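Colleague: Sending over a structure as structure tokens; questions will come in a sec.
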Amino acid sequence: MIERDFTGKSEDETISAALDLLKLKREQVTIKVENKGGFLGLGKKEVIVKISYDDDLSFANRSLMLVKELLERMDIEAKIYLMEEDDEKVLIDIDAKDDSAILIGKQGKTLEAIQTIVNVIMNKDYSVWTKVIIDTCGYRERRERSLKKIAQDAAKQVKRNKKSLLLEPMNPFERRIVHMTLKNVEQIDTISEGEGTIKRVKVLYQEEITEK
């Protein structure tokens, strides 16, 4: 059994926000309300809501079960591990052994597709988004290092030639790495171009932008 405390201005508002964050329905939890928090002003005290629920109902555990189901449908045998969990993200690692290349797919597209499906299903109908990150065999870490080098090399080339450079098509995870890597590089800007989920990052020379 898991028990968590939430505080707010009113009972209904606090319970609603807590259930949205936990992604659970009212009938799945046990709720106990206390009015013993600190003062909010004008003599009113904050509400303390204690919510208890079974471990199996946790967002992380349900995410693990969904990943397991998807892999079974793909005929991929694997061990699935919960590596990290908080209110903003859940990190799941898949040990797929001989099937890791199939799981990753070309340029990580299969892994990204599985992650997208899991995120959409797990977060549907809730206003608070908890990101599920799925990795296997350290692929994302290796890909991140590769993308940082690609971004840095591109920035050097753009500075040298003073002309913009369009990089390979990337998913949102990959584009964010490029944007963040070059965010504080002098004389360099980046923008995403294209439609849909897969877009290309353009690395721009700032004087070129000014001239336009």
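Colleague: Residues being open to solvent by 50 Å² or more (accessible area, probe 1.4 Å) and touching a Lys or Arg at 6+ places or on another chain (Cβ under 8 Å): count how many of those fall in the range 195-206.
Modeller: 1
Colleague: Now for a different question. Within the range 89-107, can you find the residues that are farther than 22 Å from MET170 by Cα and open to solvent by 50 Å² or more (accessible area, probe 1.4 Å)?
Modeller: Within the range 89-107, ASP95, LYS97, ASP98 meet the criteria.
Colleague: Just one of the numbered conditions (1) more than 30 Å from LYS25 (Cβ to Cβ); (2) without any contact (Cβ under 8 Å) to a residue 40 or more places away in the chain is not true of ALA113; which one?
Modeller: The single condition ALA113 does not satisfy is (1).
Colleague: Another question, if that's okay. Going through ARG160, ARG175, ARG142 one at a time, which residue ends up being outside any strand (DSSP E or B) and surrounded by 15 or more Cβ atoms within 10 Å (Cβ to Cβ)? It would help to see each step written out before you state the result.
Modeller: Details: ARG160 fails: surrounded by 15 or more Cβ atoms within 10 Å (Cβ to Cβ); ARG142 fails: surrounded by 15 or more Cβ atoms within 10 Å (Cβ to Cβ).
Of ARG160, ARG175, ARG142, the one residue that is outside any strand (DSSP E or B) and surrounded by 15 or more Cβ atoms within 10 Å (Cβ to Cβ) is ARG175.
Colleague: State yes or no: is LEU24 open to solvent by 50 Å² or more (accessible area, probe 1.4 Å) and touching a helix residue (DSSP H, G or I) at 6+ places or on another chain (Cβ under 8 Å)?
Modeller: No.
Colleague: Something else about it: Give me the residue from the range 178-189 that is in contact (Cβ under 8 Å) with a residue 24 or more places away in the chain and in contact with a strand residue (DSSP E or B) (Cβ under 7 Å, 6 or more places away or on another chain) and, out of that set, surrounded by the fewest Cβ atoms within 10 Å (Cβ to Cβ).
Modeller: Taking the candidates together, the pick is GLN187.
Colleague: Also: Here are some conditions: (1) open to solvent by less than 60 Å² (accessible area, probe 1.4 Å); (2) hydrophobic (A, V, I, L, M, F, W, C); (3) out of contact with any Ser or Thr (no Cβ under 8 Å at 6 or more places or on another chain). LEU111 meets all but one. Which one does it not meet?
Modeller: (3)
Colleague: Another question, if that's okay. Any idea which residue in the range 125-137 is nearest to LEU70 (Cα to Cα), counting only those that are loosely packed, with under 15 Cβ neighbours inside 10 Å and either in contact with a strand residue (DSSP E or B) (Cβ under 8 Å, 6 or more places away or on another chain) or modelled with pLDDT of 90 or more (or both)?
Modeller: Among them, the one singled out is LYS131.
The values are calculated or read from the model by the stated rules, or taken from the named source; none is laboratory data. Just so it is clear, the model here is predicted, and its values are computed rather than measured. Positions of Cβ are generated from backbone atoms using ideal geometry, with glycine treated the same way; all protein chains shown enter the neighbour counts. Quick note on the areas: whole protein, heavy atoms, side chains included, nothing else; ligands and nucleic acids left out. Shrake-Rupley method; radii C 1.70, N 1.55, O 1.52, S 1.80 Å.
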